[in-house]
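The values are calculated or read from the model by the stated rules, or taken from the named source; none is laboratory data. In this text the structure is predicted, and so the values were computed from the model without any measurement. Positions of Cβ are generated from backbone atoms using ideal geometry, with glycine treated the same way; all protein chains shown enter the neighbour counts.
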Amino acid sequence: MTIVVVGSGPAGVFAALGALQAGARVLMLDAGLQLEPEAQALKETLGAKDWKKWTTNEYAALKASGLKATDNLSAKRVFGSDFATRSLSNAVIREKNCCIIQSNALGGLSNIWGRGIEPPYIHEYDHWPDKEDFIQSLKTVLSHIPFSADNDNLAQVMPLYSTHFILHSITHVSEGLLAQWNTHAEALNNSGVHFGRTRLALRADKHNKYGCQLCGMCFYGCVYGALFDTSEMVAHLRAHYPNFDYRPGVVVKSFISHADSHVEIVAEGVHNRKIEPIKASKLILAAGAAQTTLIVMRSVGAKQAILKNSDLIRMAFLKISGGTIKDNEDYHTLSQLTVTVDNRTITKKAIVIHLFGKNPMIEDAALSLFPRWLRSMLSKLLAPVLKRLYVGMCFLHSDDSASIQVEDHGAYAEFSSKRKCSVFIIYWRLLGFLLRHIKKTKLLPIPGISKVTLPGSSVHIGASLSSNNTSDLATNKAGQLVSSPLVYVADAASLPDIPAGSYTLSIMANAHRIGSITGKLTRSEHP
């Protein structure tokens, strides 16, 4: 009988890969929303051209979203489309003092993910289940995706686990910062600071047809296909594994376990709302932490659950000396540099900061705050500042962050939270720490436009169904739901905690580990 995997995002595709490599048969169920035809046509039209030959109207079409410029920073659309985060009419959630972002798209949130591809901070995952298997799966994942990185100072605390990476291009400003930091590397390291190029799931070879062309439009969607998303893995699985089948257009609502024989999945059609039962030997849930948690809650009759969360602090920085970005310089607008701060005067866990440099979306949002007649003049006046501006996305470990409570009310689910006072204390401590190190970093943090965001804003949530749980929602080390042994949880809901920084690589590696376990068990039971 078939293993059913729910979801085509980072967890779903690598759980499926693990099961397929173990010799199992896999059916992937997915809502599977895709780009509208007009958005796909725009992507193909622009992708067929050198970006330096795009017209003003073509640039405007790529940026078009129907939103205010400031809203674009949080709404995250690609090619003007909201398909990656569009809600379905039959999925009702309510948010209270938190932000819950889910995806029903083919490829899930990987369509709009920042492509950060880093392991958890060293030693902060020593307590995770089967660490050696996790690391082996991590290496397998990295062999299946484009990987841009450098064996730099950051590798001391975030090992690369691969030799198959390409050195990606960063701006002269960022190169200058790296050179500055390297001159003070020993002192910074002794203070708990490590640094390097951000690890990205990016095709860095400009001469590759699908390589990054440094057009600076990453935030609006890459028309050249340089940014990896997991829809590529779905296509890979369909092409290389005859035992794999992908079925879009359905949403899994719940499941019923029938002893040790099979699990019955209750699925609903996206368009016709028709309920359909689907049988499987085993079920792997990888629908995203929030949705997976709700599926399990509704299946076992639980009314409440707790999601752990990595809080996000947005900080602005000015480079205070040295050169600036050149007017004719080509660059990408993903995170350029990553800095980790592991200092017990701030908190007991490491803080991971992704630094973003000059960015047209940020500039457009800043200028939109002023009257139209002023914007042209202000653009020229602010240009010297914007060339030195960095936006830092500072991620905290879930131990330092607010949690999110989930309550199932049947007709809707409510997610609620409130910021922890300690997050603001950590922010001020971090700010003071960074100010004391300006001479070494040459980065001046600007407190007035920094912000502690709502819980969930980082989109890094999970650990609701981990082995630390003592209720019917608990899983064991293999990701197996204790109350329903034929059901496995492979996304962030099964992680023990949420590490700081980009946790997508951790999700993919853990999912591959769980998929491999499930596939081997299924093969032994049904040879």
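For the reader, a short list of remarks on this structure follows.
Quick grid of which residues meet (1) over 19 Å from the mean Cα position of the chain (by Cα); (2) buried (at least 16 other Cβ atoms within 10 Å of the Cβ); (3) part of a loop (DSSP other than H, G, I, E, B):
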| position | (1), (2), (3) |
| --- | --- |
| L154 | yes, yes, no |
| H164 | yes, no, yes |
| G176 | yes, yes, no |
| L188 | yes, yes, no |
| K206 | yes, no, yes |
| K209 | yes, no, yes |
| Q213 | yes, yes, yes |
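- Within the set S74, S81, the sole residue that is polar (S, T, N, Q) and either crowded, with 20+ Cβ neighbours inside 10 Å or touching a His at 6+ places or on another chain (Cβ under 7 Å) (or both) turns out to be S81.
- Residues within the range 140-161 that are more than 24 Å from S310 (Cβ to Cβ) and without any contact (Cβ under 8 Å) to a residue 60 or more places away in the chain, tallied: 3
- Condition broken by K420, with the remaining ones in (1) within 26 Å of I100 (Cα to Cα); (2) touching a strand residue (DSSP E or B) at 6+ places or on another chain (Cβ under 9 Å); (3) in contact (Cβ under 8 Å) with a residue 12 or more places away in the chain satisfied: (2)
- Between L27, L42, the distinction of being more than 19 Å from the chain's Cα centre (by Cα), surrounded by 18 or more Cβ atoms within 10 Å (Cβ to Cβ) and assigned to a helix (DSSP H, G or I) belongs to L42 only.
- Breaking point among (1) of a type in the set (A, V, I, L, M, F, W, C); (2) closer than 17 Å to K451 by Cβ; (3) over 23 Å from the mean Cα position of the chain (by Cα), for V385: (2)
- Summed over the range 453-491, the residues that are of a type in the set (V, I, T) and under 19 Å from the mean Cα position of the chain (by Cα) give a count of 4.
- Of all residue pairs spaced 6 or more apart or on separate chains, those with beta-carbon atoms under 9 Å, a first member in the range 314-340 that is closer than 23 Å to L396 by Cα and at pLDDT 90 or above and a second member that is in a loop (DSSP other than H, G, I, E, B) and charged (D, E, K, R) are F317/R388; L318/R388; T333/K358; L334/R115; S335/R115; T338/E118; T338/R199.
- Hits in the range 2-16 - residues which are more than 16 Å from I295 (Cβ to Cβ), touching a strand residue (DSSP E or B) at 6+ places or on another chain (Cβ under 9 Å) and assigned to a helix (DSSP H, G or I): V13, A16
- Residue ranges of strands (runs of 3 or more DSSP E) in the range 246-350 with at least 1 members hydroxyl-bearing (S, T, Y) and within 18 Å of I498 (Cβ to Cβ): 337-341
- The range 39-63 residues that are under 20 Å from M361 (Cα atoms), paired with ones that are among the hydroxyl-bearing types (S, T, Y) and part of a helix (DSSP H, G or I) (beta carbon under 8 Å, 6 or more apart): E58/T45; L62/Y220; K63/Y220
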